[in-house]
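In what follows, a structure is listed as structure tokens, so that the remarks can point back to it.
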Amino acid sequence: MSRYDIVLKNGLIFDGSRVPRYRGDIAIRDGVIAAIGRIDEADAARVLDAEGLHVAPGFIDLHTHYDAQLFWDPYCTLSGWHGVTSVVIGNCGFGFAPVAPEMRERAMMSMTRVEAIPFASMKQGMPWDWVSFPEYLDSVERAPKAMNILPYVPVAPLLISVLGFDDAKAGRMPTEAEHAELCRLFEEALEAGAHGWSAQRLLPDGPSAVQLDYDGTPMVTDVMHDATCEALAGVLGKRNQGFMQMTISSGSIEHDRGHMERLATLSGRPLLWNVVQAYDHKPEVHRAGLKWLASCRERGIRVYGQGVTTDAGFAFTFEDWNLWDDRPAWREATLGSVEERLAKLADPARRPSLRGQVPLTVTGPIKDIVVTGPCTAETERWKDHTIGQVAEALGKHPVDAMLDIAVADGLRTEFFAAPPNVSLENLKDIIDDPYVLFGVSDGGAHTKFFTAGRYPTETLCKLVREHNMLSLEEAHWRLSALPATLAGFENRGVLRPGAPADIVVYDYEALSVLPSEIVHDLPGGEWRRVQRARGYRYILVNGAVTIENDRETNVFSGRLLRHGSGATADTSARAA
């Protein structure tokens, strides 16, 4: 009988701790790293040749929305294709538990605009064999997984369960008894294995209100109160466990920063602020944010930033585009069915208000948007032109030029908008801060618009290999060990004896992000945009090979990481 299940031979090891790379072998037994060094391949049931390849800890993605997708996609793609071996779900306060049976359809509808997840896919793809959060975790545990899953508790379902839908949507302050019930439900979820809580708190009509409910109203968490967040932070402090994730823009930077500092201080736990975003037209914003984060570290306050480090742009049509909801005129014009949208966007009476509220923050200037997919003979001549070029040729305002093309094509025209952070100088500000996490993938969300789940591969190819912004040792620490430590992934994110064998083995020179493509692989006949990776020889999750030569092996060795480790509050009872 072999001593080890797998031995990785002769790889160049980056162990995630920032120590210098070294050559060696890694032995795996029962899903765990058993030894690192020089290991006789005769002791292995299977030998994986890593000669000339890089060996590193699997990547950990703290910002995903795979809460539904994990039930029909065990690899949580795009993430699973790009070396990610563990993800966090339940971000931004949005999720599907606790949800009463009569509220299931409304819960799914809420996700169709705020995270742009197709309703048909959720309805057909989720088993809905739960009501409570512990029951939801049991369902996640039963689902086949090629990925480790760590769950936050999203606050929105808690608020709806305790206050009722109408009062939660109205932002009513919970009573003392209701706050106690919110905390009881939260503790119930923590006992079952959740590892913190999350909330999106965006001023409903403010400059960051780009993620709204399907009917254009604020999300429940947008109108929640500071006191509720503080009560939930107090639960984490009492238990000395867990993590917080928050997206916040109340209209007052001073309030928001002070509030996050209070939550981290009350709980004594880390808080991840989303997002640190560079806007090339106003770099003072991200630089001020980085300065504040540094001051938190100096004062011992555990607030960290999630950086937008991908240059994934947005490809979209007006059939389903919604990320200009921060402009009320655009929000109203893009609500409703395709037929209703078409009528509104074609209406000359609406054009003055649309021209007067030109979006900017998410996509950059409209004049720089490119016509990539005209659909009729009338619009074909504008293929690969910018809206600015079209506007100049026609003597029109850029808004009219763009919408006239979209209307002529029945809203089926595909446009591409580069992200507002293409400057390498501004990106380097974020990269140079060693405690800002990489991402944000938004995996499972906005799947018709962009493909940011590619960010780990993009980090190694663009930031390290092409631009030499950081070393491979630093990159692997930022992609694995740092997020693991902050979010409470026990023993993951590093390669060392005793750690779970979540490992990526890749060809550094051949590593690449493949071109974007549209695939029709979602339940309910829905489609999405994807970008695969090239160069991953092996990806291992808990010691089993889940990806080999960039293709799935259909091995489902992922785990639900209750309490960050996979342990339960009553392991013996669950085992029985």
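Each reported figure results from applying straightforward, stated rules to the coordinates on display, with no laboratory input. Here the structure is a predicted model, which is why all the values come from computation and not from measurement. Cβ coordinates were reconstructed from backbone atoms using ideal geometry, including for glycine residues, and neighbour counts include every protein chain displayed.
Scattering from the C-alpha atoms of the stretch 143-211 alone, worked out with Debye: what is log10 I(q)/I(0) at q = 0.14, 0.16, 0.28 1/Å?
For the stretch 143-211, the Cα-only Debye profile gives -0.56, -0.70, -1.23.
Quote to one decimal, in nm, the extra length available between SER17 and LEU472 on full extension: 0.36 nm per residue of separation minus the C-alpha distance between them.
Fully extending the segment from SER17 to LEU472 adds 162.7 nm.
Ranked highest first by average number of other Cβ atoms within 10 Å, how do 373-380, 438-445 line up? All intermediate terms of the calculation are to be shown ahead of the outcome.
On the way: 373-380: 14.6, 438-445: 26.6.
With the highest mean Cβ count within 10 Å placed first, the list reads 438-445, 373-380.
Taking the Cα centre of the stretch 1-141 as the origin, how large is its charge dipole in debye, to the nearest 20, when only Lys and Arg (+1) and Asp and Glu (-1) carry charge on their Cβ atoms? Could you put the intermediate results ahead of the total?
Details: 12 positive and 19 negative charges, 86 e Å.
For the stretch 1-141, the charge dipole is close to 420 debye.
Along the positive direction of the dipole of the chain (beta-carbon charges: Lys, Arg +1; Asp, Glu -1; about the Cα centre), which of SER441, THR451, GLY16 reaches farthest?
Highest projection toward the positive end goes to GLY16.
Add +1 for every Lys or Arg and -1 for every Asp or Glu among the other residues with Cβ under 9 Å from the Cβ of ARG529, and state the total. Kindly include the intermediate steps, with their values, before the conclusion.
On the way: positive: LYS448, ARG528; negative: GLU517.
Cβ neighbours under 9 Å give a net charge of +1.
Checking the a/c ratio against 1.5 first, then a/b against b/c, what shape does the Cα gyration tensor give for the stretch 253-378?
The shape class here is prolate.
With N denoting the number of residues in the stretch 328-417, provide Rg(C-alpha) divided by 2.2 N^0.38 Å, to two decimal places.
1.00
Want the number for TYR214 to ALA170: 0.36 nm per residue separation, take away the alpha-carbon distance, what's left?
Taking TYR214 through ALA170 to full extension adds about 14.3 nm, to one decimal.
With only alpha-carbon atoms in the gyration tensor, what are the semi-axes of the equivalent ellipsoid for the stretch 84-229, in Å, largest first?
On the way: eigenvalues 105, 71, 43 Å².
Sorted largest first and rounded, they come to 23, 19, 15 Å.
Could you tell me the relative contact order of the stretch 328-417? Use alpha-carbon pairs under 8 Å, at least six residues apart, and round to a whole percent.
Relative contact order here is 31 percent.
Treating the beta-carbon of each Lys and Arg as +1 and of each Asp and Glu as -1, no other charges, what is the dipole magnitude of the stretch 473-544 about its Cα centre, to the nearest 20 debye? Mind dumping the intermediate values first?
Working: 8 positive and 9 negative charges, 10 e Å.
Value, rounded to 20: 40 debye.
Under 5 Å between amide hydrogens, which residues at least 5 positions from THR247 or on another chain qualify, with H placed 1.01 Å from N in the peptide plane?
ALA199, GLN200, ARG201, ASN274
Just from its helices, what would the mean residue ellipticity at 222 nm be for the chain, if runs of 4 or more DSSP H residues each count -39500 (n - 2.57) and the sum is divided by every residue, rounded to the nearest 500 deg cm²/dmol?
Dividing the helical sum by the residues of the chain leaves -8500 deg cm²/dmol.
When only Cα pairs under 8 Å and 6 or more residues apart are kept, what is the percent relative contact order across the stretch 1-93?
28 percent
Sort 496-506, 244-254 by packing, meaning the average of other beta carbons within 10 Å per residue, with the highest value first.
496-506, 244-254
Arrange the peptides 325-331, 40-46 so that the one whose residues have, on average, the most other Cβ atoms within 10 Å appears first.
325-331, 40-46
Note down the net charge around VAL223, summing +1 for each Lys or Arg and -1 for each Asp or Glu among other residues with Cβ under 13 Å from its Cβ. Write out the running numbers ahead of the final one.
Numbers: positive: LYS169, ARG172, ARG201; negative: ASP166, ASP167, ASP205, ASP213, ASP222, ASP226.
Counting the neighbours of VAL223, the net charge comes to -3.
For the chain, what's the relative contact order in percent, using C-alpha pairs closer than 8 Å and at least 6 residues apart? Kindly include the intermediate steps, with their values, before the conclusion.
On the way: 1316 pairs, mean separation 120.9, N = 576.
21 percent.
Work through the residues other than GLU181 whose Cβ is under 12 Å from its Cβ and net out their charges, Lys, Arg +1 and Asp, Glu -1.
That works out to -3.
Work out the length of the dipole vector of the chain about its Cα centre, built from +1 on the beta-carbon of each Lys and Arg and -1 on the beta-carbon of each Asp and Glu, and round it to the nearest 20 debye.
Dipole size: approximately 880 debye.
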